[in-house]
Amino acid sequence: MTYVTAVMTPPAATPPDFATIFGVPAEVGAVVREFRSCELSTFARDGTPVTWPTTPFFEPDRRRFLITSSIGLAQKALNIRRDGRVAMLFSTATGSGLVHPPCVLIQGDAEAPDELGQLDERFESMTRLLLERQPVGITLMGALPTPLRHLADWYCWRLFIYVRPRRIRWWPDGDLRQAYGEVVL
């Protein structure tokens, strides 16, 4: 690339982030971007809330979250197929590098289509981020003797869950006693 081309070429556009898309404070966007996990709540058949730790990936171009679940741990997807109302609570900053972040609650509508796949090249950036944040997953799979690895390949087959936010609440400094901010979509 020549100097003239470099000077005349506009910088690549930065994709909009969570805070910009939904009109929430930058601190809320940082929580969504940097937290390692959140608690995903669904409803059981009898209406009882059930909560699991999970790793959500925000897809800015689609204005939704992607969460995957192993086919061996499919209950959250089954619950969502029955009742799509979900909540995602970002409450634990461990490993995020954030100091006194807000506690963030995202309520939304989820779908869990009959779609099965692996985290392959379509999900390259998400897979890279997941393995960076949870390197023990590689270690555990690598620790299995080669003849036994096929017995654990079920864990790599994933159900896809998509969550579209409809309400976002946050509590400054993670203090639930304080007044909260809210955006209803």
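Just so you know, all these numbers are worked out from the coordinates, no wet-lab data involved. The structure displayed is predicted, hence computed values, not measured ones. Note that each Cβ is placed from the backbone with ideal geometry, even for glycine, and that neighbours are counted across all protein chains shown.
Per 5 Å bin from zero, what fraction in whole % of the C-alpha pairs of the range 47-92 is there, up to the bin with the longest pair?
With a bin width of 5 Å, the distribution comes to 5, 16, 28, 27, 18, 5, 0.
Take Arg177 and Ile21, extend 7 Å from each Cα along the Cα→Cβ direction, and tell me the distance between the two endpoints in nm.
Reported label-point gap for Arg177 and Ile21 is 3.5 nm.
For Phe35, enumerate residues with amide H under 5 Å from its amide H, sequence gap 5+ or separate chain, H modeled in the peptide plane.
Sorted by chain and number, the residues that satisfy this come to none at all.
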